[in-house]
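Here is the structure we will look at, set down as structure tokens.
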Amino acid sequence: MGKPLPADYNTTETRSMLLNIGPSHPAMHGVIRIIAELDGETVTNIDTEIGYLHRAFEKSCEQGQYNVALPYSDRLNYVSPLISNVGYCLSVERLLGIDTTDRCKYIRVIMCEISRITDHLTCVGASSMELGAFTVFLYMIKAREWFWELVESVTGARLTISYARVGGLKADLPADFAEKTLHAIAETRKVLKEVEGLLNSNRIFYDRMKDTGVISKEDALSYGITGPFLRSTGVDLDVRRYAPSLVYDRLNFDIPVGEHGDNLDRYYVRMEEMQQSMRIIEQALRDIPAGEVTVDLAGQSVKAYQMVDDAKMGLTRGMKQVAVVADPTLEGSSGAQHANVYSANKLVALPKKEDTYGNIEGLMNHFKLVMHGHGIRPVKGEAYVPVEGANGELGFFVVSDGTDKPYRVRVRPPCFAIMSALHKCLVGDQVADIIPTFGSVNMIAGELDR
Amino acid sequence: MSISATLSTKFSQEVTDLKEANGQLWGYVDKRAVKKVCAYLKNDCGFNILMDLTCVDYLHWEEKADRFEIVYNLYSMKANERIFLRARVSEDDAVIDSVDSVWPAANWLEREVWDMFGIRFTGHPGLKRILMYEEFQGHALRKDYNYSKRQPLIGPKN
């Protein structure tokens, strides 16, 4: 027996505890600091600190020409970089007042939807893993791999793709793209079915997702939340439907919505959105106009280096008539199909590499577009075009001062709004609920901090 | 009545230069009336989402009377309409009313504008830097902030 407590001892004194999670924490993907105020296991307040991955994206965009900002946009949402690429190009094209070819639009739609699938696969896979469902993670990453191989076959890179160009695309699709894509879609449908079998009626998964991280419709709207996060509360807001750019108005797809705005509904919405994206890709592959191959190179072509050597010796007779076969590293993957996917507007589109290296007009055109003080020059003004990113409305606000460099590039990062409302989802929940909620936010530090 | 007609009758003094471009409405709003106009747009016109709030630094632009312009990007779900309101803010008096009480979304967005452009928002509940650290000197997205300037927290200072 210990000593009895003094009579005035306050046995019910309680103090809240501060728990610091992050910036680098094994259960958090992405660098972010959450300071949680706890009363026992219950979260009473949340303070979110961001900025750990700030790379001065907007400032850097102002330093170079319009196409120079494109590779930076890959690094915004690095799980679905194609959407940021396309979004930036659409804004600059609106500023220039130009349109792209139909085939280019279809390819952009296909690549955006592939990106949306890879993004959702990563999000659902990673957050399931954090709840202990490691198998799901492996299955989903396996499926993502098929899509990233497709992306690689089109763009030449898996993550830092830089595929879109102002006025078009870097290259056309490779020959066997449709076949490979349909195969990847068929396989992914099987994977999603397996995942649903593993998760949907899994006691642990269901209990940890159901009624956790709840946000009301009104709160979500007042915090400017868009995308799957908003749709899980029952609002069918989707940029592809309300401000369709590209060819989204010609394609059939549904917008899945949830009911409760909790983590489970966000999981369901993302799973269904992947199915809808695959539906869009199938339709787009069916409807895509065939590209016309504009030049027939057979029979009268000459290697670029040979041409340069000949020209040095003055052997230029008849040189303008022959087509040049440029080195594959210069040519890109589809010099012959250049006109299919690139604007014919010489003030915007780079000429194909054969022309750049093969004749003086092409060289001058190229020079005028890439040298400092020349380049793409939209008139003074500003443009904002929203696209549906994987996390919600992604928009680039581009201001031009009439020179070849963007005067200001502002990106509206979709998860910025969600992160600013994180306390609305988490206050009142348990500490353990932070993990699935944060997972379903799908925070991408690259676009959040820019 | 269209939104542009409503705005120009109700706020004939405060809202000016309304013009339509590419299905989006652009206009200027007097910075002293920004909170009033925003509250009206939200409560009576259905502009329920503040999609974005940002700033542009028009240093050395001859046609711009004031150095900064705050851009409010508002979206109405019901009418599927978008309006871009811009408020002129001068360099000497870089202060504007916060719209945090209208849309809570403005909280972080205004912190970012303060961080990057150094514009103060009166009535903001906690105006502190968001992307940069508190010790950071100056405001990085101002046009007179040199791109190559470095301010490392640790290591040799240049």
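The values are calculated or read from the model by the stated rules, or taken from the named source; none is laboratory data. Being a predicted model, the structure only gives us computed values, none of them experimental. Here the Cβ positions follow ideal geometry from the backbone for every residue, glycine too, while neighbour counts run over all protein chains shown. Surface accessibility is based on the protein's heavy atoms, side chains included, excluding ligands, DNA and RNA. Shrake-Rupley method; radii C 1.70, N 1.55, O 1.52, S 1.80 Å.
Cα axis of helix A:81-96 to longest principal axis of chain A: angle in degrees, 0 to 90, nearest 10?
60 degrees
Collect residues whose amide H, placed 1.01 Å from N in the peptide plane, falls under 5 Å from the amide H of B:Ala140; neighbours closer than 5 in sequence don't count.
Those qualifying (amide H under 5 Å, at least 5 residues apart or on another chain) number zero.
Would you mind working out the accessible area per residue for the protein assembly as shown, using a 1.4 Å probe, and quoting it in Å²?
Dividing the accessible area of the protein assembly as shown by its residue count gives 43 Å².
Rg and Dmax of the protein assembly as shown, using alpha carbons, in Å: what are they?
Reported Rg and Dmax, both Å: 26.3, 111.
Averaged over every viewing direction, what's the projected area of the C-alpha convex hull for segment A:202-265? Give it in nm², one decimal, please.
5.1 nm²
Report P(r) for segment B:91-134: all Cα-Cα distances, bin width 10 Å, range 0 to the bin holding the largest distance, values in whole percent.
All Cα pairs, binned at 10 Å, distribute as 32, 55, 12 percent.
State, as an integer percentage, the relative contact order of chain B based on alpha-carbon contacts under 8 Å between residues 6 or more apart.
This gives 17 percent for chain B.
If one takes the longest principal axis of the Cα atoms in chain A, at what angle in degrees, from 0 to 90 and to the nearest 10, does the Cα axis of helix A:102-130 lie?
Rounded to the nearest ten degrees, it is 30.
Any idea of the total accessible area buried by the A-B contact, 1.4 Å probe, rounded to 100 Å²? Working shown, then result.
Working: alone 20380 and 9230 Å², together 26060 Å².
Buried area (both sides, nearest 100 Å²): 3500 Å².
Can you compute 3J(HN,Hα) from phi for each residue in segment A:50-56, using the Karplus curve 6.51 cos²θ - 1.76 cosθ + 1.60 with θ = phi - 60°, rounded to whole Hz and x for Gly and Pro?
The phi angles translate into 10, x, 6, 10, 6, 10, 6 Hz.
Residue by residue through segment B:62-78, which ³J(HN,Hα) values in whole Hz follow from phi under the Karplus form 6.51 cos²θ - 1.76 cosθ + 1.60 (θ = phi - 60°), with glycine and proline marked x?
Ordered by residue, 3J(HN,Hα) equals 5, 7, 9, 6, 10, 5, 10, 10, 8, 10, 9, 10, 10, 10, 9, 6, 5 Hz.
Under a point-charge model restricted to the Cβ atoms of Lys and Arg (+1) and Asp and Glu (-1), what is the dipole moment magnitude of chain A relative to its Cα centre, in debye to the nearest 20?
Charge dipole of chain A: 1200 debye, to the nearest 20.
Restricting attention to segment A:176-252, which trypsin sites (Lys or Arg not before Pro) occupy a DSSP loop and are surrounded by at most 15 other Cβ atoms within 10 Å? Numbers along the way, then the final one.
Details: sites: A:Lys180, A:Arg189, A:Lys190, A:Lys193, A:Arg203, A:Arg208, A:Lys210, A:Lys217, A:Arg231, A:Arg240, A:Arg241, A:Arg250; in loops: A:Lys210.
Here the trypsin sites (Lys or Arg not before Pro) that fit, given the DSSP loop and packing criteria, are A:Lys210.
Go ahead and estimate [θ] at 222 nm for chain A from helices alone: -39,500 (n - 2.57) per DSSP H run with n ≥ 4, summed, over the residue count, rounded to 500. Display every interim value, and only then the final one.
Working: 20 runs with 206 residues, N = 450.
Taken over chain A, the calculation gives -13500 deg cm²/dmol.
Could you give the distance between the Cα centres of segment A:390-450 and segment B:64-121, to the whole Å?
After rounding, the separation between the Cα centres reads 17 Å.
Greater than 22 Å separation of Cα atoms is the criterion. Which listed pairs, A:Lys105/A:Lys170; B:Lys64/B:Lys143; A:Lys368/B:Lys64; B:Lys35/B:Lys143, meet it? Present the calculation step by step, with values, prior to reporting the outcome.
On the way: A:Lys105/A:Lys170 13 Å; B:Lys64/B:Lys143 15 Å; A:Lys368/B:Lys64 30 Å; B:Lys35/B:Lys143 27 Å.
Checking Cα-Cα distances, A:Lys368/B:Lys64; B:Lys35/B:Lys143 exceed 22 Å.
Once phi is turned into ³J(HN,Hα) by the Karplus curve 6.51 cos²θ - 1.76 cosθ + 1.60 with θ = phi - 60°, what whole-Hz value does each residue of segment A:426-432 show in order, with x for glycine and proline?
Using θ = phi - 60°, the values come out as 9, 5, x, 8, 8, 4, 5 Hz.
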